[in-house]
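A.B. asks: Below are the C-alpha cells for one structure; questions will follow.
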Amino acid sequence: MFKKLIAVATAIYSIASYAIEYDESFYISPKLDFVNQLDSEDSSDFGIGYALDIGVPVYKFVSIENTVRYIDWNSEQFDSNFLQYGALLKLNFPFTDKTNFALSGGFLADLDVGNEARDKEVNPYVKLDVDYNINNNWAVVLGVNQSFSSDYLDQYAYSLGVKYKFYKEKATVEPQPACDCIFTEEKVEEVVQPVPEEPKVVEPTIEKVPEPELNKQEVKSTLDYVLKEGDYIYQICRRFNMSLDEFVSMNKDYFSGRNLDYVYPGEIVKVKNPKK
C-alpha cells in the first residue's frame, strides 16, 4: 500500500508540473466525503472519505481533474478501508464573479480494498460541485458524487472542502498613452521688401509666408490594459469612461464565448484612450 501511495504522489507532482507549464495556473482541493452505499439497509454502512482533487485547465472552461480518496468505513461490512483513484473531465459554468457550477464525469478505481470481501473495481464516476470564490485564490467547495458498481451497491457521497488556485505572478504594466503627442507650430514672419531708390515713393508690399499645417502625431483611440488582481470589467469601464457595450465591441474577438465576470491577472484588454 505504501508503494501505491508513493506512485500516486509522483503522478500528482507530474500533473502539477504540467499545469504550471501549460496555463501557469492549476488548483488543489482537499475535501471530506461523507460516503454511503445506495439502497443500503444498514444505516451504519457509511464512511468518511479524505479526498484530494487536483485540476489542470486544458481549454477555457474545461479541465482535467484527478482525485485520490481514502475511505474510513464505520461498518462491519468491510474489515479494512478503501484507497481509490479517479480521473474526470470537468466542465465549468460560471454564474457570477463569486460562484461557479461544475459537472464532471470519468472513472473511479479501487487501488486497495484491504481484504477479499470485495474485489477491486473500476467504475463510472460523476460529480456535481458548486464553488464560492472568497478571492482570486481561495474558494469553498460543496458537492455530491457517485460511483456506479456492477457487482456491489453504488457509492455516493456529499463533499465539503476548500480549493486553492495557483497563479504565476505576472508583471503588471500601467496603461500608457499610445504616444506623447507634441504639437509644434512654426512662427510666421513678415517679410518687407525694401523701398526702391527712386524719387517716387512706392508703398512697400508685404508678402506673407503661408502658414504650415500643424505637425501632429496621430493619437490612437484605444489602449492595451493589463489586468491586475482585483480588477473586474465593470470597474474598468467606469475608470476609462466606457459603456459595457463599448468594451465588448472593442474586445469581441477576445471575449467571444466567455463570461465577462471571469477575468484573470495578466490578461490584456483594449480600453478607450482618455486623451483621444
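Read-outs: derived from the displayed coordinates by stated rules, not from any lab. Bear in mind that the values here come from a model prediction, so they are computed numbers and not experimental data. Don't worry about glycine lacking a Cβ; one is built from the backbone with ideal geometry, like all the others, and counts go over all protein chains shown.
A.B. asks: Convert each backbone phi in region 231-247 into a coupling constant with the Karplus relation 6.51 cos²θ - 1.76 cosθ + 1.60 (shift: θ = phi - 60°), then list the ³J(HN,Hα) values in order as whole Hz, x for Gly and Pro.
C.D. replies: In residue order, the calculated couplings are 6, 9, 4, 5, 5, 5, 4, 5, 5, 9, 6, 10, 8, 5, 5, 5, 4 Hz.
A.B. asks: To the nearest 0.05, how large is the calculated FRET efficiency for Lys120 and Val144 if R₀ is 30 Å and r is the Cβ-Cβ distance? List each step's numbers first, then the result.
C.D. replies: Working: r = 24 Å, r/R0 = 0.81.
Efficiency, rounded to the nearest 0.05: 0.80.
A.B. asks: May I pose another question? Starting from the Cα-Cα distance between Phe46 and Phe166, subtract it from 0.36 nm times their residue separation and give me the gain in nm to one decimal.
C.D. replies: Working: separation 120, 0.36 × 120 = 43.20 nm, distance 3.36 nm.
Gain in length upon complete extension: 39.8 nm.
A.B. asks: Taking 0.36 nm per residue of sequence separation and subtracting the Cα-Cα distance, how much length would be gained by fully extending the chain between Tyr152 and Val226, in nm to one decimal? Before the final figure, lay out the partial values.
C.D. replies: Working: separation 74, 0.36 × 74 = 26.64 nm, distance 5.38 nm.
Stretched fully, the Tyr152-Val226 segment lengthens by 21.3 nm.
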